[in-house]
Amino acid sequence: MPEWALFRGTGVPHDGMDRLPAPPPWRDFDGAPVIENVPALGSESVRRLGTAYTRGEERSMPWRPADLELINAALYLRRPMLVTGGPGTGKSTLAHALAHELGLGRVLHWPIVSRTCLQDGLYSYDAIARLQDTQLARPDAARHDPAGDIGDYLRLGPLGTALLPYASPRVLLVDELDKSDIDLPNDLLNVLEEGEFTIPELERLSRTAAGAGTEVFTDDSARVVVEGGRVRCRAFPVVVMTSNGERDFPAPLLRRCVRVDLPSPGNDRWGRDRLAAMVRAHFGEADSHVNDTLVSHFLSSSPGSVRAADQLLNAIYLTHHAAGGDAGGRERIAQRLMRPLDHGRHTDDAAGPD
């Protein structure tokens, strides 16, 4: 582990972010007013990392030294990470591990689908609901109070919330970016470079209303004041963008990112140690000999096939609760649950009915 590393991958929370040096001049932001408090780590992180890992015990989740260097480089440079790897390699888990170990609070999660656009990540404005509520309450309200309660109908998305002027960076997980429309990676360029965006609905009001600040909802369901219709970060968020490697991204986006490639766990020391640590984090030390046998089976069978660590965790859980002490039953369940993802249907049929 490099001596300058802030993120160590040990699972033990520490105050390393307090020792983070000032950002490079070209990544120094000055958003205000500063927000000090953030929501605590959420239950979704506990599910991802395992209860033993999040209890603060020394449950190391082994990371390759090269990966640790790149992850920490992104923290120092205030750059997004583009994390690429196959299913179950720990891409999304990295965001939760960073938030847990560095004490950065709840992870902001932005799942990407083919219809996702930049606006979805920044904010949403329910103009129809506002109009209906205004007409039901006071038919002449809009004429007498143009600002009204517009903040009740504005909600910042995960990206928009991450760009608020927090004193410490928030962690933003942009999950499966390669599932997006072709335009989204290019649309992200300016926001990731400038660390800010505007809300036109509030920008217009700031020129006509008595006060320039408006309270809006965040992705955490909290309320914050946005002044002048502009959101600008102070501490650039820790952005983890994941990709399954299904598409190429434009060079301008790659230039703004630190790229981390996570290989699928192989039948080597690093792969075995990493899977074993993952299993311990979720199941503890009980039945460790049985679990280690399943880890070895998972790594050694069908070399070169595509499989996810989730399959191993599912097999271990079910063999504990469904097979009991029946060794044959454990093996049969494990084989069925850990079948390679890239094998055809004939492979499933060949397993037989029993």
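Key figures for this structure:
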quantity	calculated
Residue check, E176 of a type outside the set (A, V, I, L, M, F, W, C), touching a helix residue (DSSP H, G or I) at 6+ places or on another chain (Cβ under 9 Å) and farther than 23 Å from T116 by Cβ	no
Some residue of the stretch 104-112 being of a type in the set (V, I, T), in a loop (DSSP other than H, G, I, E, B) and touching a His at 6+ places or on another chain (Cβ under 8 Å)	yes
Those residues of the stretch 85-94 which are over 14 Å from W63 (Cβ atoms) and within 8 Å of the chain's Cα centre (by Cα), in sequence order	S92
Filter result for the condition that a residue is among the charged types (D, E, K, R) and either in the same structural domain as P340 (by TED's automatic domain parsing) or free of Cβ contacts under 8 Å to residues at least 40 places away in the same chain (or both), over E3, E69	E3
Residue satisfying all of: in the stretch 324-347; in a loop (DSSP other than H, G, I, E, B) and under 18 Å from N291 (Cβ atoms); modelled with the highest pLDDT among these	M338
Matching residues in the stretch 149-178 - criterion: being touching a residue at least 24 places away in the same chain (Cβ under 8 Å) and in a loop (DSSP other than H, G, I, E, B)	G157, L163, L164, P165, A167, S168, P169, R170, E176
Residue identified as outside the structural domain of A276 (by TED's automatic domain parsing), at pLDDT below 95 and in a loop (DSSP other than H, G, I, E, B) among A52, A97, A32	A32
Flag for P24 being more than 18 Å from the chain's Cα centre (by Cα) and of a type outside the set (S, T, N, Q)	yes
Flag if M61 is crowded, with 19+ Cβ neighbours inside 10 Å and either assigned by TED's automatic domain parsing to the domain that holds L341 or modelled with pLDDT of 95 or more (or both)	no
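The values are calculated or read from the model by the stated rules, or taken from the named source; none is laboratory data. As the structure is a computational prediction, the values presented were derived from the model and not from experiment. When we count neighbours, we look across all protein chains shown, and the Cβ atoms used for this are built from the backbone with ideal geometry, even at glycine.
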